[in-house]
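J.: The structure that follows is given in the form of structure tokens.
The values are calculated or read from the model by the stated rules, or taken from the named source; none is laboratory data. Small disclaimer: the values here were computed from a predicted structure and weren't measured. Here Cβ is always computed from backbone atoms with ideal geometry, including for glycine, and neighbour counts include all displayed protein chains. Surface areas here come from the heavy atoms of the whole protein model, side chains and all, with no ligands, DNA or RNA. Shrake-Rupley method; radii C 1.70, N 1.55, O 1.52, S 1.80 Å.
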Amino acid sequence: MQTLQIGNVTLKNNLILGPMAGVTDLPFRLLCAEQGAGLLCMEMVSAKAILYNNKNTKAMLTIDEREHPVSLQLFGSDPQIMGDIAKRLEHEGVPFDILDINMGCPVPKVVNNGEGSALMKQPLIAGQIVETMAKATSRPVTVKIRKGFDDAHVNAPELAHIAQESGAAAVAVHGRTREQYYSGRADWSVIRSVKEAVHIPVIGNGDILTAADAIRMREETGCDGFMVARGAQGNPWIFAQILHEWETGKPLEKPSLQEMADMMLRHARMQIAFKGEYVGIREMRKHAAWYTGGYHGASHVRRALSEVESYPQLEGLMHKFINECG
């Protein structure tokens with residue numbers, strides 16, 4: 001196990017739960033923390049939404065004392081607003097440990113506003129955002145970028161260097177362009193190129209779906225940290241699996257059907273406690289589909305999930321699944 005220093009924050013290990021909209025909420029982050037993740041990244045939050053006191057952002061900014069260290073991710077394109085919100089969050093006592101800037105989101109409604117991965121086409125503004133935020137907060141500021149905007153504009157090493165010189169304490173690199181979204185394979189060679197271009201910690205991201213993937217990324221890129229995003233969907237155990245294989249050289253067994261069901265139902269209870277049954281159980285439908293993926297006989301369960309509207313229904317569905325396929 002290798003610790004990782006990001007500014008004045010020391011991580012117990014270099015495995016990081018990547019930020020995912022609609023996924024890395026408080027209940028899921030707590031489950032990943034229990035499985036050994038060294039840093040938890042929250043869902044990205046709009047700086048403008050905080051500025052205008054959008055009521056939906058309050059729950060997204062909730063942090064539990066059991067999940068530290070935790071990284072709060074902002075997105076926006078106005079350096080002044082981003083700096084002001086960084087200062088405001090700290091002044092209001094939001095207990096984040098690290099403040100991350102999203103320069104990688106590929107979603108059109110974000111990109112079309114000049115935010116997320118659109119900033120990879122605006123390196124001057126990107127640098128100004130990092131500098132303004134780094135001066136506004138005492139917490140380490142990090143940046144999440146992609147390989148580039150498209151194959152004709154691969155500029156991750158240059159943007160990482162700009163971020164470093166502007167005050168960033170670390171940079172995470174997803175090995176796909178914005179135009180790729182999440183298709184194709186992540187290009188890990190660009191992560192190595194970024195590692196060679198800067199002296200701040202570089203966190204590799206993209207296609208870490210198993211412990212073997214993390215080991216291979218370490219060998220191929222030399223990066224300092226490993227960010228697991230989609231590989232953790234329905235699989236918070238991935239952090240324990242990676243740590244176990246690093247330490248012992250042997251793979252950790254996949255959770256049994258019963259262990260999976262127990263974790264998923266616990267996740268559902270936490271989700272309902274945090275968001276109420278109506279929202280919580282509907283959000284659990286996608287999580288439940290991820291949890292059950294790869295287990296024999298799960299296809300009919302996933303079809304039935306779209307009709308689940310209460311915790312007892314979900315629990316009954318899982319009990320039936322175990323009885324028939326366990």
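J.: Is it the case that segment 51-61 has a residue that's among the β-branched types (Val, Ile, Thr) and under 19 Å from the mean Cα position of the chain (by Cα)?
T.: Yes, that holds for at least one residue.
J.: Within segment 7-83, considering only helices (runs of 4 or more DSSP H) that don't extend past its boundaries, which have at least 1 residues that are among the acidic types (Asp, Glu) and open to solvent by less than 10 Å² (accessible area, probe 1.4 Å)?
T.: Of the helices (runs of 4 or more DSSP H) lying wholly inside segment 7-83, none has at least 1 residues that are among the acidic types (Asp, Glu) and open to solvent by less than 10 Å² (accessible area, probe 1.4 Å).
J.: If you don't mind, there's one more thing I want to ask. Going through segment 199-209 one residue at a time, which ones are within 19 Å of Val9 (Cα to Cα) and either touching a helix residue (DSSP H, G or I) at 6+ places or on another chain (Cβ under 6 Å) or open to solvent by 40 Å² or more (accessible area, probe 1.4 Å) (or both)?
T.: Once the filter is applied, which keeps residues that are within 19 Å of Val9 (Cα to Cα) and either touching a helix residue (DSSP H, G or I) at 6+ places or on another chain (Cβ under 6 Å) or open to solvent by 40 Å² or more (accessible area, probe 1.4 Å) (or both), segment 199-209 yields His199, Ile200, Val202, Gly204.
J.: Report the residue count in segment 164-212 for those that are assigned to a helix (DSSP H, G or I), closer than 18 Å to Val154 by Cα and hydrophobic (A, V, I, L, M, F, W, C).
T.: The total comes to 4.
J.: Which number in (1) more than 21 Å from the chain's Cα centre (by Cα); (2) surrounded by 18 or more Cβ atoms within 10 Å (Cβ to Cβ); (3) not polar (S, T, N, Q) marks the one condition that Lys250 misses?
T.: Status for Lys250: all satisfied but (2).
J.: If I go through segment 271-314 residue by residue, how many of them are open to solvent by 60 Å² or more (accessible area, probe 1.4 Å) and under 21 Å from Trp237 (Cα atoms)?
T.: Here the count works out to 6.
J.: Continuing with the same structure: If you take the residues of segment 88-104 that are touching a Lys or Arg at 6+ places or on another chain (Cβ under 9 Å) and open to solvent by 30 Å² or more (accessible area, probe 1.4 Å), which of them is modelled with the highest pLDDT?
T.: Restricting to residues being touching a Lys or Arg at 6+ places or on another chain (Cβ under 9 Å) and open to solvent by 30 Å² or more (accessible area, probe 1.4 Å), the top hit is Asp97.
J.: Further question on the same structure: Out of (1) hydrophobic (A, V, I, L, M, F, W, C); (2) out of contact with any Gly (no Cβ under 9 Å at 6 or more places or on another chain); (3) within 19 Å of Glu315 (Cα to Cα), what's the single condition that is false for Ala261?
T.: (2)
J.: Something else: Quick one: what pairs do we get from segment 309-326, first residue under 15 Å from Gly276 (Cα atoms), second surrounded by 14 or more Cβ atoms within 10 Å (Cβ to Cβ) and acidic (Asp, Glu), C-beta under 8 Å, 6+ apart or different chains?
T.: Filtered contacts from segment 309-326: Ser310/Glu277; Tyr311/Glu277.
J.: Another question, if that's okay. Taking Gly127 as meeting all but one of (1) within 21 Å of the chain's Cα centre (by Cα); (2) surrounded by 17 or more Cβ atoms within 10 Å (Cβ to Cβ), write down the number of the exception.
T.: (1)
J.: Restricting attention to segment 3-22, and to residues there that are at pLDDT 95 or above and in contact with a helix residue (DSSP H, G or I) (Cβ under 8 Å, 6 or more places away or on another chain), which single residue is nearest to Ala214 (Cα to Cα)?
T.: Leu15
J.: Using the structure shown, decide if Glu277 is touching a Ser or Thr at 6+ places or on another chain (Cβ under 7 Å) and without any contact (Cβ under 8 Å) to a residue 40 or more places away in the chain.
T.: It is true that Glu277 is touching a Ser or Thr at 6+ places or on another chain (Cβ under 7 Å) and without any contact (Cβ under 8 Å) to a residue 40 or more places away in the chain.
J.: Still on this structure, please answer the following. Looking at Val94, Val70, Val45, which one is under 24 Å from Leu243 (Cα atoms) and not small (Gly, Ala, Ser)?
T.: None of the other options fit; the residue is Val70.
J.: For segment 251-265, which positions are out of contact with any helix residue (DSSP H, G or I) (no Cβ under 8 Å at 6 or more places or on another chain) and either assigned to a helix (DSSP H, G or I) or of a type in the set (D, E, K, R) (or both)?
T.: Glu253, Lys254, Glu259, Asp262
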